[in-house]
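Below is one structure, written out as structure tokens; the observations come after it.
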Amino acid sequence: MATKVTEKKVSLKDTFKDFKETKHIDRTTLISVIEDSFHSVLQKQYGSDENFDVIVNPENGDFEIYRNRVVVPDDEVEDENTQISLSEAQKIDEDYEVGEDVSEKIHFSDFGRRSILNLRQTMASKILELEHDNLYHKYKDKVGQIVSGEVYQVWKRETLILDDEGNEMLLPKTEQIPSDYFRKGETARAVVLRVDNQNNNPKIILSRIAPEFLQRLLEQEVPEIGDGLITVHQIARIPGERAKIAVESYNDRIDPVGACVGVKGSRIHGIVRELHNESIDVINYTANTKLLIQRALAPARINSITLHEEERKAEVYLNPDQVSLAIGKNGMNIKLASMLTNYTIDVFRELDDNEKNLDDIYLDEFKDEIEGWVIDAIKKLGLDTARAVLEAPRELLIEKADLEENTVDDVIRILKSEFED
């Protein structure tokens, strides 16, 4: 019998040791959790735990349990858990009298193996719940901030990253830069996108494509941003390809663009490397919408801009040789400019005097021969007349208007035939 009691005590000590060494919980909280776990088991054992005192020393696993009962006459005991007969009380101390409180030490090891296992399971459950709660609140406060960790596992749809405390963070494939490639054991950086907490099981979701990731990288590389001397007003990104950033300085002596780029690009180069050579354009922010759109469409030179503020649309007029610059490769320049300014931008080709004297036909006149959606796609490039389309490079129509080669060739054939006639 003595051997069994010793084994039970060792089991409890091992339990305390495990939680003390493996859980990131402060001593005061650990004691509270262990005491609550004991009370939970006592409640199941006796039906109530209100009259029990539990004293725990998590350093070595020692603990003491005392049950407090009121002394009543021998024939008036109604609840053995909260009352003790006078005769039983006097076996503990012959000086006890009716109405006094008796504090009696309880040996938990006498409860049996099942109670000990129940205690361990209860404690594990409470500790896990507490850890989940702490983890959720820790990372909820870090949403929008950069974190780093060790790549632990790479799967097809997501990458598992561990922080310095071993907490799991997930970087979904959809939140990775297209050219991202991770190896197990290397360090990865990302921004905390959100923290899901379904059924108190926090899941930390990271992102490397969110605009906040680029903004935090800028804050790390450009002290003037952290000091509040430069403000990042807006960021537009096509991850891994190109980005545009609008910045403003509140100090006339500080050039915001120059400060962000650094001497010979020293500050921006580190960010570009982190983003796998993502091209970054930094422009001066202005509250003047037309000027902001003009800067956002650089390097194209703009002739004039007409705003439709209620619809948040802008009509931009350019010389023919500037249209392709405004649109950019694969339409990136105009797309980023629209994202940066929050305006839908349509570009229009302005004819010079010589071109105006030539006979020309608006594309809308060809709707009987060319499908409407094809005409609309071409007009979005600022090409609204037959001659403008014929003078534009064939590759521009294919790439920028996103049309099939056969479709483009058919359009060119139809337009050419009109002038040949």
Selection count where residues are in contact with a Pro (Cβ under 6 Å, 6 or more places away or on another chain) and open to solvent by 90 Å² or more (accessible area, probe 1.4 Å), scope segment 165-203: 0
Exclusive hit being farther than 30 Å from K329 by Cα and either in contact with a Cys (Cβ under 7 Å, 6 or more places away or on another chain) or at pLDDT 95 or above (or both), set I204, I225: I204
Residue satisfying condition, being in contact (Cβ under 8 Å) with a residue 40 or more places away in the chain and within 24 Å of L297 (Cα to Cα), within set I230, I238: I238
Failed item in (1) exposed (fewer than 14 other Cβ atoms within 10 Å of the Cβ); (2) modelled with pLDDT of 85 or more, with R69 passing the rest: (1)
Residue that is under 44 Å from the mean Cα position of the chain (by Cα) and without any contact (Cβ under 8 Å) to a residue 40 or more places away in the chain, where the choices are L119, L86, L135, L128: L128
Residue in segment 130-144 that is of a type in the set (G, A, S), modelled with pLDDT under 95, open to solvent by less than 40 Å² (accessible area, probe 1.4 Å) and more than 30 Å from K44 (Cβ to Cβ) present: yes
Among (1) in contact with a helix residue (DSSP H, G or I) (Cβ under 7 Å, 6 or more places away or on another chain); (2) assigned to a helix (DSSP H, G or I); (3) open to solvent by 20 Å² or more (accessible area, probe 1.4 Å), the one test that L217 misses: (3)
Strands (runs of 3 or more DSSP E) fully within segment 258-354 counting 2 or more residues that are open to solvent by less than 50 Å² (accessible area, probe 1.4 Å), under 23 Å from K379 (Cβ atoms) and of a type in the set (D, E): none
Pick from segment 238-250, criterion open to solvent by 20 Å² or more (accessible area, probe 1.4 Å) and either outside any loop (DSSP other than H, G, I, E, B) or in contact with a strand residue (DSSP E or B) (Cβ under 8 Å, 6 or more places away or on another chain) (or both), ranking: nearest to N333 (Cα to Cα): R242
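The values are calculated or read from the model by the stated rules, or taken from the named source; none is laboratory data. Just so it is clear, the model here is predicted, and its values are computed rather than measured. Glycine gets a Cβ as well: all are built from the backbone with ideal geometry, and neighbour counts include every protein chain shown. SASA here: full protein model, heavy atoms, side chains in, ligands and nucleic acids out. Shrake-Rupley method; radii C 1.70, N 1.55, O 1.52, S 1.80 Å.
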